[in-house]
Protein chains: 2
Amino acid sequence: MKNNPLEKLKTQLDIIFNPSSVAVIGASRDPMKVGHVVLRNIVEAGYKGRIAPVNPKAHEILGLKAYTSLLEVPFPVDLAIIVIPAPFVPQAMRECGEKRVKAIVVISGGFSEVDEEGEALEKEVLEIAEEAGIRVVGPNCQGINNTHVGLCATWPLIKCKGGISLITQSGTLGAAFSCWAEEEGIGISKCVNLGNKADLNELDFLRYFGEDKESRVIAFYIEGVSDGRKFMDIASDISKRKPLIALKGGRSPAGSRAVFSHTGSMAGSDAVFDAVFKQTGVIRAKSLEEFYDFAKVLAYLPLPEGRGVFIVTSTGGSGILAADACEDAGLTLTEPSEEALKRLRSQLPSRCTFRNPFDLTTTTADKFRLVIEENGGNPDIHGFIAIFGDPIPNAAEEIKAASESVKKPILVAYLGGGEVEKVEKTKMHSLGIPVFPSPERAVAAYSALVKYSEFRKRTENSLID
Amino acid sequence: MKNNPLEKLKTQLDIIFNPSSVAVIGASRDPMKVGHVVLRNIVEAGYKGRIAPVNPKAHEILGLKAYTSLLEVPFPVDLAIIVIPAPFVPQAMRECGEKRVKAIVVISGGFSEVDEEGEALEKEVLEIAEEAGIRVVGPNCQGINNTHVGLCATWPLIKCKGGISLITQSGTLGAAFSCWAEEEGIGISKCVNLGNKADLNELDFLRYFGEDKESRVIAFYIEGVSDGRKFMDIASDISKRKPLIALKGGRSPAGSRAVFSHTGSMAGSDAVFDAVFKQTGVIRAKSLEEFYDFAKVLAYLPLPEGRGVFIVTSTGGSGILAADACEDAGLTLTEPSEEALKRLRSQLPSRCTFRNPFDLTTTTADKFRLVIEENGGNPDIHGFIAIFGDPIPNAAEEIKAASESVKKPILVAYLGGGEVEKVEKTKMHSLGIPVFPSPERAVAAYSALVKYSEFRKRTENSLID
């Protein structure tokens, strides 16, 4: 089995995300240094394996025994995180080889992204790694994270466990995504910063996350791809099983020029990327917020069976904005059946708007559930968008109950609710109900769900044919 | 002077936003009732005038002496907030007339928005008001707010003082906007919920806020306008002095139908609204978040003299996304002059990308200021977008200093910065520097600034011609 290339890759990358022990080469006592921050984040995220700070001058850092050299560490080291200046990296790599370290993340910059000298250094590093049979992430990257084992070898500190795995060619964009997920309690599963991709690239991590059960959704920010043909094969294969969400930098001429300055990638023709994403079922986000929103909704909601959506709201204005957005997105606002209307009219005040969007006006959370459940059996309604305006308590519990009874996706927007909104939003996220801050963002996220559902249907049908 | 209609309107509306005393008719002891929430918010927002809770059964509410009838209140009442069931509103209005109340906000629903009976009731209310010479906001509205005097006669509680005044046909959309402004420390100036517009409508408040010094920007959510011709006259007039930002519900057929259900307005042809907004210089937002972002940037930044924008960033990926968005928006990414480049190369490490976007890579906040100041005199650079990735302390102080020295708009995006980001963002907002959560939202907001600046130039030129 180990001769199977995918199995081999899996074994190698498992070490990166689930090492038994980690060394931080370049661990620092100075709280402003990356070598300190990374060590502190691994400790504070609750990593349970053994940790070896390596620093030629320190005996102890953050309460951990420090070692003057990697070779002095008295236990085996699975993963080394390197945060020392570039010229010292080759020597550190050699020691990693001697110590039989299994994988390395090189955070240090100063390689091929800088100049020819750096390029030569990067080549040297890669040769040492290949000779020692060590896989490398980076160099010039913002590290890695696996929240499920508390391995936050990156920054800022991200601890919240979730179902989204991230591959990113930009440290900050991955960090921004992770910060939002942390703050909302959505969490992430794993995150890898590609950096210069001297060895491991986006294709390797796509394949790995594609097999990883904890990665329900894979979101990737790229500026180019290492091998277009391979990318298509891998993406098509994974998309059949789990959603892939892409954000591609360098759509425009100005952006392409900036891409070349940033990572030396050729941004490539945007029309080609667009076509490739469509064909392979990759859901493309147009902005960083969409990137996050799409991943969030696809990680948590079941897929709708069609384009029919029902909007229930306590805020007329938001219902209107959502209806406008649904029409833009090609979603169908299915009207309630006569029978459903009859049942609802007997249970709700006449001031409600008995259609789609269904406006409850001033109301309580149980009425949202009532409207959803009374329309839940309608075969032309494939999912719901519930928009809470005002401070409406218990929204989370009622939507959770409605989800369980109708077994169709229910997506929530919550706005204008002050402190109650914050409480309900946190509860909903912990219950796996994605909440969005505006009607338009809710509809855009819902559309991503529909788009991926339609791709899955097409591929399943083509398998049957 | 009082015979001048605008002066008369000003006097009447001043009473609504700056009353010496307020009665809450329908004040309640039950914390779940609107009549309690509104009274509590007025108290908690720190309103300094006299407050008279009116409730036939209570002697005291929230520590305030309560009165069984408005007529028992021993002091004059400027403004009455009515939150009793619709059928009792006419009698309350008559008592307001007897008590010589000067203005009324009817929060209660159950009028023309419900049925013919409600329509008749609304007509009766309006007749009583006209006879007594009292101006009315609503009925069926979410109240009013003036943060500058702590008059939060609405919900949720909004206290933060700012420069944006809001006119809204949807309570929740106004509340959502206000909540965001509260949370970010941006604040609002005044907010009025129009409700059924039985008497006062959006045109009245546009004219009032147009003259109001505390309203630096007017943002309005509408589903239709009461008088198209008048709207154009008023909007054109105000746009010459201060920015108007519009969000219009009912762009699509589905949305138009929902508009009619919500407020009985005819949404009208969207193409006509688009043309009207363009002609009158109203900046149109496509979504609720844009509505907020545009108001925020226009309330705080000076106008750029042209389309040339310079991006300085510590995050290459964000710079690329911003460059893509600038190109979409028709902004020009002006390259730095040779002299500026020379000066910067001598002061910054070679790993930086010395062009536009200018990528500082790992850096400190003072370097952002350096890059901005070294390019500040370039006549083809009319403004800056500074994008902070990573936790970068003192961003606020350095951007403030740069703003003061270059005297051109500087807009900030801050992302991936964890706890440091939160601290810096709060500081920047308190210093009047608008911060956005993503590169794309930053660029969209910057474009609104450019769009309004170009409108102002056109009108100023046409005045000169």
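The values are calculated or read from the model by the stated rules, or taken from the named source; none is laboratory data. The structure presented is a predicted model; accordingly, all values stated were derived computationally and were not measured. Note: ideal-geometry Cβ built from the backbone for every residue, glycine included; neighbour counts use all protein chains shown. We work out accessible area using only protein heavy atoms, side chains counted, and drop any ligands, DNA or RNA first. Shrake-Rupley method; radii C 1.70, N 1.55, O 1.52, S 1.80 Å.
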Can you name the residue in the stretch A:1-23 that is free of Cβ contacts under 8 Å to residues at least 60 places away in the same chain and in contact with a Gly (Cβ under 9 Å, 6 or more places away or on another chain) and, of all such residues, is surrounded by the most Cβ atoms within 10 Å (Cβ to Cβ)? A:Ser21
Among all residue pairs at least 6 apart or on different chains, which show Cβ distances below 8 Å where the first residue, located in the stretch B:313-327, is more than 7 Å from every other protein chain (Cβ to nearest Cβ) and farther than 15 Å from A:Lys286 by Cα and the second is assigned to a helix (DSSP H, G or I) and among the small types (Gly, Ala, Ser)? B:Thr313/B:Gly319; B:Thr313/B:Ala322
I need the full set of residues from the stretch B:387-445 which are more than 12 Å from every other protein chain (Cβ to nearest Cβ), hydroxyl-bearing (Ser, Thr, Tyr) and under 26 Å from the mean Cα position of the chain (by Cα), in order please. B:Ser403, B:Thr426, B:Ser430
So B:Asp78 passes all but one of these: (1) over 19 Å from B:Asn201 (Cβ atoms); (2) more than 29 Å from the chain's Cα centre (by Cα); (3) of a type outside the set (Val, Ile, Thr). Which condition number does it fail? (2)
Looking at A:Arg257, A:Arg284, which one is under 15 Å from the mean Cα position of the chain (by Cα) and open to solvent by 10 Å² or more (accessible area, probe 1.4 Å)? A:Arg284
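Considering only the stretch B:233-244, I want to know if a residue exists there that is over 23 Å from B:Leu303 (Cβ atoms), modelled with pLDDT of 95 or more and more than 14 Å from every other protein chain (Cβ to nearest Cβ).
Yes, some residue in the stretch B:233-244 is over 23 Å from B:Leu303 (Cβ atoms), modelled with pLDDT of 95 or more and more than 14 Å from every other protein chain (Cβ to nearest Cβ).
Can you name every residue in the stretch B:243-254 that is surrounded by fewer than 21 Cβ atoms within 10 Å (Cβ to Cβ) and in a loop (DSSP other than H, G, I, E, B)?
Keep residues of the stretch B:243-254 that are surrounded by fewer than 21 Cβ atoms within 10 Å (Cβ to Cβ), which gives B:252-253.
Within the stretch B:243-254, B:Ser252 is the sole residue that qualifies.
From the list B:Ile186, B:Ile134, B:Ile144, pick out the single residue that is more than 15 Å from A:Gly317 (Cβ to Cβ), in contact with a His (Cβ under 7 Å, 6 or more places away or on another chain) and open to solvent by less than 20 Å² (accessible area, probe 1.4 Å).
On the way: B:Ile134 fails: in contact with a His (Cβ under 7 Å, 6 or more places away or on another chain); B:Ile144 fails: in contact with a His (Cβ under 7 Å, 6 or more places away or on another chain).
Result: B:Ile186 is the single residue among B:Ile186, B:Ile134, B:Ile144 that is more than 15 Å from A:Gly317 (Cβ to Cβ), in contact with a His (Cβ under 7 Å, 6 or more places away or on another chain) and open to solvent by less than 20 Å² (accessible area, probe 1.4 Å).
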In the stretch B:358-378, which residues are open to solvent by less than 10 Å² (accessible area, probe 1.4 Å), closer than 16 Å to B:Ala401 by Cβ and of a type outside the set (Gly, Ala, Ser)? B:Phe368, B:Val371, B:Ile372, B:Asn375
So, in the stretch B:189-233, of the ones that are part of a loop (DSSP other than H, G, I, E, B) and under 13 Å from the mean Cα position of the chain (by Cα), which residue ends up surrounded by the most Cβ atoms within 10 Å (Cβ to Cβ)? B:Ser189
Report those strands (runs of 3 or more DSSP E) wholly inside the stretch B:1-104 carrying at least 3 residues which are at pLDDT 95 or above and not aliphatic (A, V, I, L, M). none
Those residues that are of a type in the set (Gly, Ala, Ser) and either part of a helix (DSSP H, G or I) or crowded, with 24+ Cβ neighbours inside 10 Å (or both), I need them from the stretch B:313-348; list them, please. B:Ser314, B:Gly316, B:Gly317, B:Ser318, B:Gly319, B:Ala322, B:Ala323, B:Ala325, B:Ala329, B:Ala340, B:Ser346
Where A:Gly97 falls short, out of the listed (1) in contact with a helix residue (DSSP H, G or I) (Cβ under 6 Å, 6 or more places away or on another chain); (2) buried (at least 17 other Cβ atoms within 10 Å of the Cβ): (2)
First in the stretch B:127-143 and under 25 Å from B:Tyr221 (Cα atoms) and charged (D, E, K, R), second anywhere and part of a loop (DSSP other than H, G, I, E, B) and open to solvent by less than 10 Å² (accessible area, probe 1.4 Å), Cβ under 8 Å, 6 or more apart: B:Arg135/B:Leu200
Report, by residue number, each residue of the stretch A:229-252 that is of a type in the set (S, T, N, Q) and closer than 16 Å to A:Phe294 by Cβ. A:Ser239
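If I filter the stretch A:260-279 down to residues being within 17 Å of B:Asp324 (Cβ to Cβ) and open to solvent by 70 Å² or more (accessible area, probe 1.4 Å), which single residue comes out as farthest from the other protein chains (Cβ to nearest Cβ)?
Here the residue is A:Val272.
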Which is of a type in the set (Val, Ile, Thr) and within 30 Å of B:Phe354 (Cα to Cα), of A:Val309, A:Val259? A:Val259
Number of positions in the stretch A:217-242 that are touching a residue at least 60 places away in the same chain (Cβ under 8 Å) and touching a Pro at 6+ places or on another chain (Cβ under 8 Å): 1
Going through the stretch A:379-424 in order, the residues found to be farther than 15 Å from A:Tyr300 by Cβ and in contact (Cβ under 8 Å) with a residue 60 or more places away in the chain are A:Asp380, A:Ile381, A:His382, A:Ile387, A:Phe388, A:Gly389, A:Asp390, A:Ile392, A:Leu415, A:Gly416
Flagged in the stretch A:127-165 as of a type in the set (A, V, I, L, M, F, W, C), within 28 Å of A:Glu421 (Cα to Cα) and within 13 Å of another protein chain (Cβ to nearest Cβ), in numbering order, are A:Leu157, A:Ile158, A:Cys160
